[in-house]
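In what follows, a single structure is set out as structure tokens and then discussed.
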Amino acid sequence: MSLETQTKTRFNEDLNWRYATKKFDSEKKINREDLDQLLESVQLTASSYGLQPYEIIVVENPEVREKLKAEAWNQTQITEASHLVIFANLTKVTEKYVDTYLDNIAATRDMSREDLKGMEDMIKNTTLQLPQEKQNLWAAKQAYIALGNLLAAAAHMKIDACPMEGFNADKFDEILQLENKDLTTAVIAPIGYRSAEDQYQHLAKVRKSTSDLIHFI
Ligand SMILES: Cc1cc2nc3c(=O)[nH]c(=O)nc-3n(C[C@H](O)[C@H](O)[C@H](O)COP(=O)(O)O)c2cc1C
């Protein structure tokens, strides 16, 4: 088997190893170095135009997590996992936000803002023209890509995670004080290490067959 094929196979082994963890071992904490590496994978996520229209909040505080759990059907992963990652998307895209991004490109790539005029027009003419509801939806979609990257990267590092949408976003926004930052909770992921008692880890994966899922035309 070629090295390339071996690497691909190992990646799918990682994806088979992962599962939406229902019970975390509350005694096991992710060390800072691993956490930083995992969050760097999230930072490296692709996004439309590269705008990354979201922020990532890592909740460690146990009292805050108790409050959040009450607004997430009391799902115990929220308090028992090592850390709770919140993907909060921008509710609207502003001209100032786009300008800050373009300034970052110019500084990082040693370019002038004039060089980026074409890109600026394209981004502003598409994103800023959208009704706010669509801007919110578009930003949330980008946040979900970051979630996907977190799940894959965590699996690669043998860190467990549970993607979750089962929560009251309005209440989360209130507890996390996101509203005045024009952010809203899109999706969350408790991360840590599975409990030996979590029976879900032994279940076979249920997925559509490749013929139902994938079509070559
Ligand atoms: C966006 C999203 C939201 C989810 N919300 C929850 C949730 O609130 N609680 C939960 O226990 N699992 C949740 N799940 C986990 C799914 O049920 C799980 O990923 C799916 O059944 C496939 O199983 P697997 O991830 O273990 O392979 C969610 C998954 C995704 C991707």
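The values are calculated or read from the model by the stated rules, or taken from the named source; none is laboratory data. If you're wondering where the values come from, they're calculated on a predicted model, not measured in any experiment. When the accessible area is computed, the model is the full protein with side chains, heavy atoms only, and any ligands, DNA or RNA have been set aside. Shrake-Rupley method; radii C 1.70, N 1.55, O 1.52, S 1.80 Å.
Here are some notes:
- Of all lysines in the structure, those lying under 16 Å Cα to Cα from K96, and not within fewer than 8 positions of it along the same chain, are K117, K124, K181.
- Members of K23/K208; K69/K171; K141/K205 lying beyond 20 Å, as alpha-carbon distances in this model show: K23/K208; K141/K205
- The chain - percent of accessible surface contributed by carbon and sulfur, probe 1.4 Å: 51 percent
- The chain - mean residue ellipticity at 222 nm from DSSP helices (-39,500 (n - 2.57) per run, n ≥ 4, rounded to 500): -13500 deg cm²/dmol
- Computed log₁₀ I(q)/I(0) - Debye formula, equal Cα scatterers, no solvent, the chain, q 0.09, 0.11, 0.18 Å⁻¹: -0.44, -0.65, -1.29
- Summary of the geometry: the range 184-201 and the range 112-157, compared by the centres of their Cα atoms, lie 26 Å apart.
- Listed by chain and number, the lysines placed with their C-alpha closer than 16 angstrom to that of K29 are K158; residues fewer than eight positions away on the same chain are left out.
- Mean projection of the Cα convex hull over all viewing directions, computed for the range 166-217: 7.4 nm².
- The chain - percent relative contact order, Cα under 8 Å, separation 6 or more: 35 percent
- Solvent-accessible area per residue, Å², over the chain with all protein chains present [probe radius 1.4 Å]: 60 Å²
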